[in-house]
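Taking it in order: structure first as structure tokens, then the write-up.
The values are calculated or read from the model by the stated rules, or taken from the named source; none is laboratory data. Keep in mind the model is a prediction, meaning the values are calculated, not measured. Here the Cβ is made from the backbone with ideal geometry for all residues, glycine too, and neighbour counts use every protein chain on show.
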Amino acid sequence: MRLGIIGGGQLGAMLAEAGNPLGVTSRVLDPQPASCVRRVADCIEAEYDEPRALSELSDWAQILTYEFENVPLDAVQGRPDVVPPPEALHIAQDRLHEKTFFQEHGVGTAPFAPVSRVQDLQEALVQVGTPAILKTRRLGYDGKGQALVNNVEEARAAFEELGGVPCILEGVVDFRRELSVIAVRARNGDVRVYPLAENHHRGGILRWSITPAPNLGDRQDEAASIAVRLLEALDYVGVLTVELFDVDGPLVANEMAPRVHNSGHHTIEGAVTSQFENHVRAVLDLPLGSTDVLLPVGMVNLIGAEPPLEALLAIEGVSVHRYVKAPRPGRKVGHVAVQGPDRTTVEQRLARVRELVAEHEQ
């Protein structure tokens, strides 16, 4: 079996690694000469939308998938050999399309309004209220491309700072915690859903997670219902992640990622079948694996720099994943999975890893 992957970052590398035990050979399209996927898969070094390179990858592979949502849409639109479906990219690449899609399918969101020009700001602020977050409609991630605003003057300055590009103004959600639901859908419509992760961000970047999230009540079923609704609306194949706010009342959707996700890295060690293997299974039309998490598991991102490997490995129940990426402030250069026989033990080990990571973080 041959899998073509568009994008050569750590997610592409983990997809390729997950395919190896199944006898799946992966080839990757990426423009970077030092992409971290090169240690596990052959690469075609070219831009994502370079027609000859895409044709070469498509001719070789049985199916094409992607590891990030900012693949140029023109390169994959209308291609039946690309999964998840390019329509999911069209929605996820634009925050206005995304919020509209959620609401059209009965999923709650923060109040929002489009801002195409500076003159739209006053009306948008009346509609959404303050405080609010002004975000670029496209290309924002890990807290980039957004600004908190409290009045028209701040909103105008932020709009200018963001380059005057089309934006969306979103109301601030008063939430208890952030959750994410990761689900996978096969070509035959079979859907499996992983236990919810509780996620902790700082500076717009995911810092650590624990799964299953504690004190869920009926939230797992509610989140699974949201995921299934969106998967079926898109006739989706592969892994889909929906980030959620836990509020008083029904869950509120923040955004979706039509791909494997950082908050699901714990599934490599902690689940019967990892999100990466299940994505490979789904896109290659293989039966899905169990999404059960057998014991509590945590995950800590390594941001900007790595602590000494020996210090991390000295903590019981730890598995270290190094992405072999050049360190720089704010860059994810690896992650640490933390396991234990019970939640209390996992939380204690997570705290030790987080302290060690904080000492070296950039």
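Mind listing just one residue for me: the one in the stretch 167-193 that is of a type outside the set (D, E, K, R) and out of contact with any helix residue (DSSP H, G or I) (no Cβ under 8 Å at 6 or more places or on another chain) and, of those, surrounded by the fewest Cβ atoms within 10 Å (Cβ to Cβ)? It comes out as ASN188. Of the residues ASN278, ASN254, the single one that is in a strand (DSSP E or B) and within 16 Å of the chain's Cα centre (by Cα) is ASN254.
A quick yes/no check of all residues on (1) surrounded by fewer than 20 Cβ atoms within 10 Å (Cβ to Cβ); (2) touching an Asp or Glu at 6+ places or on another chain (Cβ under 7 Å); (3) under 24 Å from GLN32 (Cα atoms):
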| site | (1), (2), (3) |
| --- | --- |
| GLU50 | yes, no, yes |
| TYR66 | no, no, yes |
| VAL76 | no, no, yes |
| PHE102 | no, no, no |
| LEU121 | no, no, no |
| PRO131 | yes, no, no |
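In the stretch 20-102, counting only helices (runs of 4 or more DSSP H) that sit wholly within it, the ones holding 2 or more residues that are closer than 30 Å to LEU134 by Cβ and at pLDDT 95 or above span 86-92.
What pairs come up if the first residue lies in the stretch 108-124 and is farther than 20 Å from LEU251 by Cα, the second is among the basic types (Lys, Arg) and part of a loop (DSSP other than H, G, I, E, B), and their beta carbons are under 8 Å apart, counting only those six or more places apart or on different chains? Going by the 8 Å Cβ cut-off, the qualifying pairs are PRO114/ARG137.
Across the stretch 200-225, which residue is nearest to the chain's Cα centre (by Cα) among those that are among the hydrophobic types (A, V, I, L, M, F, W, C) and surrounded by fewer than 24 Cβ atoms within 10 Å (Cβ to Cβ)?
Filtering the stretch 200-225 down to residues among the hydrophobic types (A, V, I, L, M, F, W, C) leaves 205-206, 208, 210, 213, 216, 223-224.
Among the residues that remain, those that are also surrounded by fewer than 24 Cβ atoms within 10 Å (Cβ to Cβ) are: 205, 208, 210, 213, 216, 224.
Numbers: ILE205: 11, TRP208: 14, ILE210: 16, ALA213: 17, LEU216: 21, ALA224: 17 Å.
Ranking the candidates gives ILE205 first.
Only residues that are touching a residue at least 24 places away in the same chain (Cβ under 8 Å) and either of a type in the set (Val, Ile, Thr) or in contact with a strand residue (DSSP E or B) (Cβ under 6 Å, 6 or more places away or on another chain) (or both) were counted in the stretch 35-47, giving 4.
Residue by residue, here is whether (1) crowded, with 21+ Cβ neighbours inside 10 Å; (2) more than 20 Å from ILE182 (Cα to Cα); (3) modelled with pLDDT of 95 or more; (4) of a type in the set (Lys, Arg) holds:
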{"site": "LEU294", "(1), (2), (3), (4)": "no, no, no, no"}
{"site": "ALA314", "(1), (2), (3), (4)": "no, yes, yes, no"}
{"site": "LYS325", "(1), (2), (3), (4)": "no, yes, no, yes"}
{"site": "ALA358", "(1), (2), (3), (4)": "no, yes, no, no"}
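Within the stretch 133-161, if we keep just the residues that are part of a helix (DSSP H, G or I) and hydrophobic (A, V, I, L, M, F, W, C), the residue that is surrounded by the most Cβ atoms within 10 Å (Cβ to Cβ) turns out to be ALA155. Those strands (runs of 3 or more DSSP E) of the stretch 165-218 in which 1 or more residues are in contact (Cβ under 8 Å) with a residue 60 or more places away in the chain and among the polar types (S, T, N, Q) occupy 177-185, 197-202, 205-211.
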